[in-house]
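J.: Quick one: the structure is below, questions incoming.
The values are calculated or read from the model by the stated rules, or taken from the named source; none is laboratory data. From a predicted model like this one, the values you see are computed outputs, not experimental measurements. Every residue, glycine among them, receives a Cβ derived from its backbone with ideal geometry; neighbour counts consider all protein chains shown.
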Amino acid sequence: MQHKRNRILLALAIFAVVYAADELGALASIFGEPGALYASFVLFLVPFVIAGHDVLEKAWNNIRKGKAFDESFLMAVATIGAFAMILFPNADPHMAEGAAVMLFYQVGELFQAYAVGKSRKSISDMMDIAPDFANIENDAGELEQVDPDEVAVGTVIVIKPGERVPIDGTIVDGSSQLDTAALTGESMPRHVDAGDDVISGCINMTGLLRVRTTKPFGESTVSRILELVENASEKKARTENFITRFARVYTPAVTGAAVALALIGGLVTGAWADWILRGLTFLVVSCPCALVISVPLSFFGGIGGASKIGVLVKGSNYLEALSEVDTVVFDKTGTLTKGEFKVVATHPESGFTEEDLLELAAHAEAFSDHPIAVSVREAYSGTLDPKRVSESGNEAGHGVTATIDGHRVLVGNEKLMAKVGVDAPSCEVVGTILHVTVDGAYAGHIVIADVVKDDAAQTIADLHSVGIRRCVMLTGDRKEVAADVVERLGLDEFHAQLLPADKVEQVERLLASEGDKRKLAFVGDGINDAPVLTRADVGIAMGAMGSDAAIEAADVVLMDDKPSNIARAIRVARKTMRIVWQNIVFALAVKLLILVLAALGIANMWLAVFGDVGVAIIAILNAMRAMNVKDA
């Protein structure tokens with residue numbers, strides 16, 4: 001690109017000197033008449049060839065391959081034609097215009113290259129997350145750098161401060177701060193300790209980490225991201241495909257129109273020079289580069305802009321569909337809630353304290369790995385001593401029984417209480433209720449619930465603010481739990497106690513109520529959400545903690561697991577589509593006006609240059625706005 005830029009700058013400098021010499025009469029005084037005409041022909045030919053030899057070469061090669069009708073062909077014919085006007089002695093010389101058309105066309109191409117490079121940068125920043133190596137400790141205690149592809153699952157790798165996490169895994173030793181900006185767009189680092197999961201592509205900032213890999217490199221987060229980014233450009237939007245098809249028909253049509261204009265006008269009036277010039281001007285204006293450059297560039301910029309906020313869109317077709325979404329359907333667990341059970345209330349009976357209740361329940365659940373048991377143990381602030389527990393047992397679907405310090409303790413649901421003849425009181429707090437008895441006496445109950453994500457309420461508010469008509473939640477959870485979440489978040493509709501097949505059925509029903517121009521998006525994170533993600537118009541998956549199946553089935557991936565980014569992604573998509581249609585309408589309107597003026601002989605070659613290159617540059621600059629997501 002630098003070589004091309006220098007070449008065009010040289011051609012522009014030569015053109016400026018020759019143009020000034022011609023306009024100031026220097027050529028006429030040196031060469032006389034008609035010598036000045038031939039001198040200007042030769043002198044203008046120099047910057048023309050320097051700037052446009054690659055365009056002429058491309059046009060010639062395409063003609064030989066039978067693919068003549070593109071912008072290079074139009075530029076070649078129009079500019080060579082302008083120089084050929086010297087063969088008409090009665091016509092004004094048009095070498096300056098011929099050289100200018102080629103020069104400014106190449107300037108437009110430079111703008112395009114710069115714009116594409118700038119929009120690619122946001123994508124390439126993400127491509128830089130690919131790790132070059134993984135450190136493995138050998139028997140001598142020394143670190144060896146190996147290809148990440150060669151690291152087997154279960155291998156312990158060492159990640160030094162400043163290095164990228166090469167493969168997904170779990171920390172077995174060390175603590176640190178992780179920079180996740182390249183993946184999620186978040187500027188704040190994330191603190192990690194032993195036992196925490198880490199995903200590839202993050203940068204280890206402070207401490208030395210030893211990580212046991214949980215996936216092969218080819219299936220890790222970084223590999224999936226790179227694959228999504230590389231394939232995104234292959235999936236074109238309807239609008240983009242229309243422009244491609246339009247250009248295939250449009251270019252030969254306007255070429256034929258230009259030839260007909262010159263031939264018919266020349267035959268009728270006999271003023272061949274005038275009508276050939278009109279035809280050439282017609283050709284310059286008709287070049288469709290403003291459309292064929294700016295429309296794909298707008299989509300590319302939109303995809304790049306979305307990646308800046310941690311949203312991966314798998315193709316411009318999905319970006320276009322996202323702009324038309326008016327119904328968003330959510331899975332509950334792991335999407336609107338964290339999927340982490342927490343103790344939210346402790347209600348002891350007289351004779352017991354909250355700490356007593358948690359101590360009894362934690363010890364009774366000491367040997368269980370159920371999420372509810374884990375949450376109870378985490379809520380207990382004291383030291384867990386399994387030696388105090390004997391005769392521990394599990395009542396399938398009901399709870400657990402244990403003898404703690406010689407006392408018979410039961411922890412479970414209402415069915416377990418009914419089984420042992422204890423009257424369990426009801427609780428106003430929504431969640432899973434764990435009732436506790438000690439030697440047959442009721443000690444109280446503990447309420448455990450899935451925690452709503454911090455930005456979940458803001459997500460629904462933002463979606464309504466961008467014009468989403470319906471926010472619906474589908475869940476397999478109990479109706480009262482679902483109703484509580486819906487009330488807290490402000491959702492419009494919910495359906496509870498659903499199996500995966502029921503979710504597909506509900507989405508089918510919602511899709512049937514959508515119009516032709518309205519789209520439905522489904523947001524989920526679990527493997528059971530894959531069928532629904534595939535069926536929806538736009539499937540949105542949680543990327544950081546979501547299942548591989550969900551990410552594979554989705555069209556859009558939220559890398560930071562924040563549902564609040566859905567509204568931002570919709571705003572980016574809608575802004576992109578506005579820019580696309582602005583460019584289409586602007587380019588066609590200006591070109592149509594100048595084409596009419598050219599046919600009538602009012603528009604000269606200089607106006608044609610604006611109609612082509614000027615419109616293209618304005619459209620390209622407008623397309624670059626799609627990359628700006630600060631207001632999204």
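J.: Determine, yes or no, whether K308 is out of contact with any strand residue (DSSP E or B) (no Cβ under 7 Å at 6 or more places or on another chain) and either buried (at least 22 other Cβ atoms within 10 Å of the Cβ) or among the charged types (D, E, K, R) (or both).
T.: Details: out of contact with any strand residue (DSSP E or B) (no Cβ under 7 Å at 6 or more places or on another chain): yes; either buried (at least 22 other Cβ atoms within 10 Å of the Cβ) or among the charged types (D, E, K, R) (or both): yes.
Answer is yes for this residue.
J.: Of A461, A456, which residue is of a type in the set (G, A, S) and surrounded by 18 or more Cβ atoms within 10 Å (Cβ to Cβ)? Spell out the reasoning first.
T.: Values: A461 fails: surrounded by 18 or more Cβ atoms within 10 Å (Cβ to Cβ).
Answer to the selection: A456.
For (1) touching a Phe, Trp or Tyr at 6+ places or on another chain (Cβ under 8 Å); (2) over 21 Å from H370 (Cβ atoms); (3) surrounded by 13 or more Cβ atoms within 10 Å (Cβ to Cβ); (4) outside the structural domain of D356 (by TED's automatic domain parsing), each residue gets a yes or a no:
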site: S392; (1), (2), (3), (4): yes, no, yes, no
site: V409; (1), (2), (3), (4): no, no, yes, no
site: L416; (1), (2), (3), (4): no, no, yes, no
site: E428; (1), (2), (3), (4): no, yes, no, no
site: L434; (1), (2), (3), (4): no, no, yes, no
site: D439; (1), (2), (3), (4): no, yes, no, no
site: V447; (1), (2), (3), (4): no, no, yes, no
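Let's see how each residue does on (1) surrounded by 22 or more Cβ atoms within 10 Å (Cβ to Cβ); (2) closer than 28 Å to T180 by Cβ; (3) modelled with pLDDT under 85:
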position	(1), (2), (3)
L499	no, no, yes
E508	no, no, no
G515	no, no, yes
L520	yes, no, no
V523	yes, yes, no
N528	no, yes, yes
V538	yes, yes, no
M545	no, yes, yes
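J.: Moving on. Filter the helices (runs of 4 or more DSSP H) completely within the range 253-359 down to those with at least 3 residues that are of a type in the set (F, W, Y). Spell out the reasoning first.
T.: Numbers: elements: 272-286, 289-308, 316-323.
Output list reads 272-286.
J.: Inside the range 552-585, can you point out the residues that are in contact with a Gly (Cβ under 7 Å, 6 or more places away or on another chain) and part of a helix (DSSP H, G or I)?
T.: A553, N565, V572, A573, T576 - these are the residues of the range 552-585 that are in contact with a Gly (Cβ under 7 Å, 6 or more places away or on another chain) and part of a helix (DSSP H, G or I).
J.: Just the residues that are farther than 14 Å from V523 by Cα and either modelled with pLDDT under 85 or surrounded by 24 or more Cβ atoms within 10 Å (Cβ to Cβ) (or both), please, taken from the range 569-589.
T.: As a first pass, look at the range 569-589 and keep what is farther than 14 Å from V523 by Cα: 571-589.
Answer for the range 569-589, where residues must be farther than 14 Å from V523 by Cα and either modelled with pLDDT under 85 or surrounded by 24 or more Cβ atoms within 10 Å (Cβ to Cβ) (or both): V572, A573, T576, V580, N583, A587, L588.
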